[in-house]
Amino acid sequence: MSAEVINAPQQEQPIRISIGTTLNIYSLALAVIPVLVVISVALGLFGQQARDQALSQMKFIAQARSEEVQRWLEASQLRLSSVLALPERQLVQIRNTVDNQRPNAETVNLVRGLLQDQLSAQDSFSEFYIYTTGGRINVSTTTDAERTQVRDLPYFAPSLTQAYVQPAYLNAETSELDAVLTTPIVNLEGQIIGILAGRLNFDTLANLLAPTEGFGTTGETYLVSLERSNIITPSRFVDYDPTITYASQGIREALWGRTSGGFYTNYRQESVIGAYTWINSLGTGLLAEIEEEEALQAVNDVRDVSLVAALVMAILGLLVGRFVTRWLTKPITRLTYIAQFAVRGDYTQRARLKQFSEIGRLGFAFDTMLDNLVVSIRERNSRIREVMELSASLETRVAERTRDLRVAADVSRQITTVLDIDRLLQDVVKSTVESFKLYACFIFRIEDTSLGSQIIRAAGADMTGTVDVERYLNIEPDTAGSVVAQTAYTAQIVTVNNVSIPLDYYADPQLPNTRAQVAIPIMLGTRLLGIFDFHSNQTGRFRPEEISVLTTLAEQVAIAMRNAQLFSQSQAAQKEAEEANRVKSQFLANMSHELRTPLNAILNFTEFVMDGDLGDVNEEQQDTLQKVVSSGEHLLSLINDILDITKIEVGMLELFVEDVDINQSIKAVVSTGKGLVKDKPIDFKIEVEPNLPIISGDRRRLHQVFLNLLSNAVKFTPNGDVILSAKREEDGVHISVKDSGVGIAPKDHPKVFERFKQTESGLRSAGGTGLGLPISKHFVEAHGGRIWFESDLGQGSTFHVLLPMKGDRLAEGALALEGQ
Amino acid sequence: MPISFLYAEDDPMSRQVMHVMLTKLALGGGAEVTIFEDSSNFMDRVKALPKVPDVIFLDVQITPHTGFEMLKMLRGDTAYDGKPIIAMTASVTVSDIEDLKKAGFDGLIAKPVRKKVFPELLDRILSGDAVWYVP
């Protein structure tokens, strides 16, 4: 399974919320939320109930304790009364202690002893004392109190008339809270003569109020005095201290005389559930309190237990969630993992889920799908392999064909570019060896000689490059077993793919590694030009398709050989033509020399005579001699024209290029022109711009052109105007010659610049070779210029010449070389 | 002292024309003219002249020594090297002129040269101008 046939894996989407997380969250919520809801509802209800219960318990306690205090107080009154329930003898003693203002000490001691006995027999009172109606304590169980006054104490007055309960008050003398019970001491006549008082023992009271079962650790009952708002019985948390006053909602309500209860902050700044009542006889408020926290301890315990339960539930939920999650996601993860393997091209992994749930079925389907995929990929790969093999073989064939075409193209290109046949053949064999990776390759030429056909080794190459064919043996046409000779004989392809098979195979001693050889005739039509000889060091190398390519190559070589033949023939012809040309130009030079030399003599001698240099001549003789000079000049111009046109024809006309000042050229032409019109009724006008530029050109040839145009104008204008104009234009110097002469018929226009063709009007007029304008045209064009004309019969003609400028240089003054 | 010319020319007609030109027409007449009919023993004959010529005209196609050879001989002798040596020929293609210039001729008068222009050309040659006259 190759990786390259697998599609590139898609970018994986990151998992934002996994199934596991989701399931865990859900199971946790499921486990915890109901518990929390139930707990909070239950706690709300229980809490309220617990509070109510605690409150009513406190109220009950307060009620019970206040009743107990009342009872204790009543019992204490009875006890005080019972102190006087003495035999008469002892009673007299007591009366004696108050009868007299100053009882005798003996009596006092006696009575004191009596009271002390009584005091120690009970715990309700801490002191018994007897005072007179005058307010003086005569006897007290506490000796120090004797002989002190009670007149100013609050209970004094009420106690004089009846038994009295003095609620707790602050004893200014002792700075202590006191609660006192009194009972009158009456004489026999029933008169109150003194009072027996008992100081209530607060310790006993405190014991009454001490916490009992059900008070827990914070429950307490205590009494608060109206007098100072202080706690008169030591509470559970504070000792009795008359100097300290306390306040709380409960204390305030109790001291106002209310009996109720509620939730408030007590004297210790604790949140409590408390109940309170007023004990009128004792003048104190009674409070029963328990700290809210303790009262609600059960509820809180329930809350704590519930929270623990919730936590346990949560953990359980999590564990269950995790288990379920794992149970669910593990196979899914496995499937994902395997799918990712498959995406990366590994199809060997299988889920093999051991679950019988839907996921198990999914895994099974997945595995089956992978199995099918593997099968189809295997099929696809095998098809791809087939296609690739096919394509590879096609590629090889295309490459071979391309190579063949390239070699053929190379050869073709060489055929068109390389005309040296020997070099061409060498290039062909060299590139053939290289391209086809041959052992060696040769081209033989068939040459017919007087001795018959000969097979000449023309070019060769082996793996090292081209070889010197001289070093190889030639093949005689009758060499037995020679593939080449056989091909030469039959003009057919001869193939030996295993040189050890033909018994008579002729092995070239210089090619010892040849294992296969093929020789292909190089044919042009039915004519055998040569033989293409291929050697390979591989047995069975030459397959039919390659031989067909090599045959094509041989055909190309045939064409090349023929082309080369034709080329060498054409080269020979060209050489001949060049030679002929050379002879012709030599002839021209000679003719020029031979014709000009006598003309030199003719013209000069005639002029010498005509001008009288050699003696006097008469007018008639002068006229005659002038005709000789004119004829001689005409002959010279003919010779010059014929020489020029001949040179042009053989391509030998050369320009002697130098800087030409057009101003000077025009000036020279004008002066000649004036001579031309001297004897004719022609108005010769010059319209030449000053400062014409210097151009590159052949001064003599340009002069010849201008003169030709001017002389033509004069020649074809019987009378009228000839205008020579020259001006500088954007693209050159424009020279024109306009005449008012006979003009040229439109049908003759094409003939104007043709050689030896004069127009009808031209023929009618005297003289002319018919070469002037063709020569002028050639000269102008050789200068890169242009010549043209406008004309119609009877309308005159205008000939124009446009010569390109050499830069923009202006003529610098008159530096003309006169007379040329 | 009259101007002296040397002219080597094998064509009799040309010799006669130049003789008239140089003796009768040029410089108002009176110049001394020596004409060689061939170029044999050229330098000996030149040196045998009573005085060094002021201008030497050499026909190019002359035997046995061509104009080029005579030029070379003259240039090899300091006595004649400084004098204007002018080629006379009827062959006046551009390559001919180039050859003459390369060989070291001071000028050219191509045939046919007419009596109308010759005296002026001669004046210019004598004044030191390079004259390359082709009609």
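The values are calculated or read from the model by the stated rules, or taken from the named source; none is laboratory data. The structure presented is a predicted model; accordingly, all values stated were derived computationally and were not measured. Heads up, the Cβs are rebuilt from the backbone with ideal geometry, glycines too, and the neighbour counts pull from every protein chain shown. SASA here: full protein model, heavy atoms, side chains in, ligands and nucleic acids out. Shrake-Rupley method; radii C 1.70, N 1.55, O 1.52, S 1.80 Å.
Remarks
- Ranking A:G135, A:Y26, A:L209 by Cα position along the charge dipole of chain A, where only Lys, Arg, Asp and Glu carry charges on their C-beta atoms, puts A:L209 farthest toward the positive end.
- CD proxy at 222 nm, helix term only [per DSSP H run n ≥ 4: -39500 (n - 2.57); per residue of the protein assembly as shown; nearest 500]: -16000 deg cm²/dmol
- Rounded if a/c under 1.5, otherwise prolate or oblate - segment B:3-133, Cα gyration tensor axes: rounded
- Within the protein assembly as shown, the proportion of Cα pairs with more than 54 Å between them is 67 percent.
- Expressed to the nearest 5 percent, the antiparallel share of DSSP beta bridges inside chain A is 95 percent.
- Degrees, to the nearest 10: A:88-99 long Cα axis against longest axis of chain A: 70
- Counting only alpha carbon atoms, the long axis of helix A:662-676 and the longest principal axis of chain A meet at about 30°.
- Excluding exposed DSSP-loop trypsin sites (Lys or Arg not before Pro) (at most 14 other C-beta within 10 Å), longest clean stretch of chain B: B:52-115
- Modelled FRET efficiency - R0 41 Å, B:T66 with A:V677, Cβ distances, 0.05 increments: 0.40
- Placing dummy labels 7 Å off each Cα toward the beta-carbon, the span from B:D44 to A:E729 is 6.6 nm.
- Tensor-based shape of segment A:277-327 (alpha-carbon gyration tensor, a/c under 1.5 rounded, otherwise prolate or oblate): prolate
- Nearest-0.05 FRET efficiency for A:F263 and A:S82, computed from C-beta distance (R0 41 Å): 0.40
- Cα centre as origin, Lys/Arg/Asp/Glu Cβ charges: the protein assembly as shown dipole, Debye: 2140
- Intensity falloff of segment A:161-239 expressed as log10 I(q)/I(0), Debye formula with alpha-carbon point scatterers, at q = 0.12, 0.14, 0.25, 0.26 Å⁻¹: -0.47, -0.59, -1.15, -1.20
- The shape of segment A:323-375 comes out oblate: with a ≥ b ≥ c from the C-alpha gyration tensor, a/c is at least 1.5 while a/b does not beat b/c.
- Of A:A577, A:Q269, A:I775, farthest towards positive along the dipole that unit charges on Lys, Arg, Asp, Glu beta carbons give the protein assembly as shown: A:Q269
- Sites matching GluC sites (Glu not before Pro) across segment A:652-740 that sit in DSSP coil, with at most 16 neighbouring C-beta atoms within 10 Å: A:E654, A:E730
- Coupling constants for segment A:197-204 follow from the phi torsions by the Karplus curve (6.51 cos²θ - 1.76 cosθ + 1.60, θ = phi - 60°), and in residue order they are 10, x, 7, 5, 8, 5, 4, 5 Hz; glycine and proline get x.
- Portion, in percent, of the accessible area of segment A:272-325 that falls on carbon or sulfur, probe 1.4 Å: 71
- For segment B:17-24, 3J(HN,Hα) per residue [Karplus equation, 6.51 cos²θ - 1.76 cosθ + 1.60, θ = phi - 60°, Hz, x = Gly/Pro]: 4, 5, 4, 4, 4, 6, 7, 9
- Residue-count net charge about A:L55 - beta-carbon cut-off 14 Å; Lys, Arg +1, Asp, Glu -1: -4
- Counting 0.36 nm for each residue step from A:D623 to A:R350 and taking away their Cα separation leaves a gain of 85.0 nm.
- In percent, rounded to a whole number, the relative contact order of segment B:3-133 is 23, using alpha-carbon pairs under 8 Å and six or more apart.
- What you get for segment A:579-733, charging only the Cβ of Lys and Arg (+1) and of Asp and Glu (-1), is a dipole of about 280 debye around the Cα centre.
- In this simple spin-label model, placing a label point 7 Å from the Cα along the Cα-to-Cβ direction at both B:H19 and A:S568 gives a separation of 6.1 nm.
- Rg to Rh quotient for segment A:392-529, alpha carbon positions, Kirkwood Rh: 0.97
- Summing charges over neighbours of A:H734, with a neighbour being any other residue whose Cβ is under 13 Å away from its Cβ, gives -1 when K and R count +1 and D and E count -1.
- For segment A:152-166, putting each phi into the Karplus relation 6.51 cos²θ - 1.76 cosθ + 1.60 with θ = phi - 60° gives couplings of 8, 7, x, 7, 4, 4, x, 5, 6, 10, 7, 5, 9, 10, 8 Hz, in residue order, rounded to whole numbers and with x for Gly and Pro.
- With every protein chain in place, segment A:505-629: carbon and sulfur % of accessible area (1.4 Å): 53
- When the Cα positions of B:A48, B:G30, B:L100 are compared along the charge dipole of segment B:3-133, B:G30 comes out farthest toward the positive end, with charges on each C-beta of Lys, Arg, Asp and Glu.
- Counting only Cβ charges, +1 for Lys and Arg and -1 for Asp and Glu, the dipole size of segment B:3-133 around its Cα centre is about 320 debye.
- A straight line joining the Cα centroids of segment A:613-649 and segment A:495-542 runs 79 Å.
- Violating pairs (Cα-Cα greater than 19 angstrom) within the set A:K667/A:K727; A:K738/B:K116; B:K47/B:K101; B:K24/B:K83; A:K715/A:K738: A:K738/B:K116; B:K47/B:K101; B:K24/B:K83
- Under the criterion of Cα pairs below 8 Å and six or more residues apart, the relative contact order for chain A equals 7 percent.
- Theoretical FRET efficiency, 1/(1+(r/R0)^6), r = Cβ-Cβ of A:V37 and A:A247, R0 45 Å, to 0.05: 0.60
- On Cα atoms only, tilt of A:544-610 relative to the major axis of chain A in degrees: 50
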